[in-house]
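Working notes, structure below.
The values are calculated or read from the model by the stated rules, or taken from the named source; none is laboratory data. These numbers were taken from a predicted model, which means no experiment stands behind them. Note that each Cβ is placed from the backbone with ideal geometry, even for glycine, and that neighbours are counted across all protein chains shown. Calculation scope for accessible area: heavy atoms of the full protein, side chains included, ligands and nucleic acids excluded. Shrake-Rupley method; radii C 1.70, N 1.55, O 1.52, S 1.80 Å.
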Amino acid sequence: MSWFYEHRTVVSPRNGALKIVKTFGKTAVIGDGVFQSGRYMQRVFAGMLKMLPRGFVPRRILVLGLGAGGCIPVIQRRFPGVHIVALEYDEVMIELAKQTYLQESDVGSLESEVGDIRETLPNLVGEFDLILVDVFCGRRVAPALTQAKVLGELERLLAWQGYMIVNLFEERASVSPLIEALFCPHAQARVKV
């Protein structure tokens with residue numbers, strides 16, 4: 001395998017065929033023709049974090065949809081030492097995260113759990129100052145995100161003056177109203193990368 005370019009395919013029972021591409025030492029994970037993790041998604045996460053007010057410093061962050069872990073270094077650069085709880089339903093993605101992005105991260109401040117958010121969210125205790133939602137089945141938002149029970153759990157877990165940022169990719173028009181029914185939409189923005 002070369003530092004310049006290498007690729008391989010991993011099959012996930014949850015996400016199907018995942019293409020892992022490494023170019024100039026940087027890894028990207030592509031599923032269903034879209035980036036799941038990689039430099040592009042790291043820029044998306046950095047843009048999402050820029051939406052937060054200046055001076056906002058969270059103590060606890062909940063990440064729904066760890067994927068291959070590309071968001072973790074971005075979060076830790078912005079908020080050093082923050083405690084992160086990450087949920088991911090695909091064990092293959094968690095293994096990819098351990099082999100790639102989590103190697104360059106402070107895993108001491110990271111808790112990761114495997115499981116469907118419908119089952120893992122009710123087990124979480126305490127509030128989160130920031131909830132980042134990036135749950136997809138390929139290019140589609142995970143159906144669980146539109147369920148009242150899941151949205152109710154997110155409402156329970158979000159601190160009173162906390163923020164929730166949701167990546168809706170191509171489904172903003174159909175999914176956003178469901179989320180807005182429970183949460184106050186302070187801002188809606190499209191992240192430019």
Exercise. Of TYR163, TYR101, TYR40, which has the largest mean-square fluctuation in a 10 Å C-alpha GNM of the chain?
Worked result: TYR40
For this session: Report, ordered by chain and residue number, the aspartates and glutamates lying within cross-link reach of LYS26, taken as a straight Cα distance under 15 Å and ignoring same-chain residues fewer than 8 apart.
Result: GLU6, GLU104
Exercise. If you place +1 on the Cβ of every Lys and Arg, -1 on the Cβ of every Asp and Glu, and leave all else neutral, what size is the dipole of the chain about its Cα centre, to the nearest 20 Debye?
Worked result: 780
For this session: Distance from a point 7 Å along Cα→Cβ of ARG77 to each backbone N in the range 15-47: keep the residues under 14 Å and list them by number.
Result: 26-27, 38-47
Problem set entry | Simple Cβ-charge dipole of the range 1-91, Lys/Arg +1 and Asp/Glu -1, about Cα centre, in debye nearest 20 | 500
Exercise. How far is it, in nm, from the label point at ALA17 to the one at CYS137 when both lie 7 Å from their Cα along the line to the Cβ?
Worked result: 2.0
Seminar exercise, completed: Rg/Rh of the range 42-114 (Cα atoms, Kirkwood Rh), to two decimals, equals 0.95
Exercise. For the range 69-150, what is the accessible area per residue in Å² when the probe is 1.4 Å?
Worked result: 43
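Roughly speaking, what % of Cα-Cα pairs in the range 1-95 are separated by over 18 Å, rounded to a whole number?
50
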Problem set entry | Average silhouette area of the range 79-155, convex hull of alpha-carbon atoms, in square nanometres | 5.7
Exercise. Quick one: with all protein chains in place, what share of the accessible area of the chain is carbon or sulfur, to the nearest percent (1.4 Å probe)?
Worked result: 53
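Give, in nm to one decimal, the length gained when the segment between ARG39 and THR9 is fully stretched (0.36 nm per residue of separation minus the Cα-Cα distance).
Contour length minus the Cα-Cα distance gives 8.9 nm.
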Exercise. Just how far, in whole angstrom, is the range 2-56 from the range 96-129 if you go by their alpha carbon centroids?
Worked result: 17
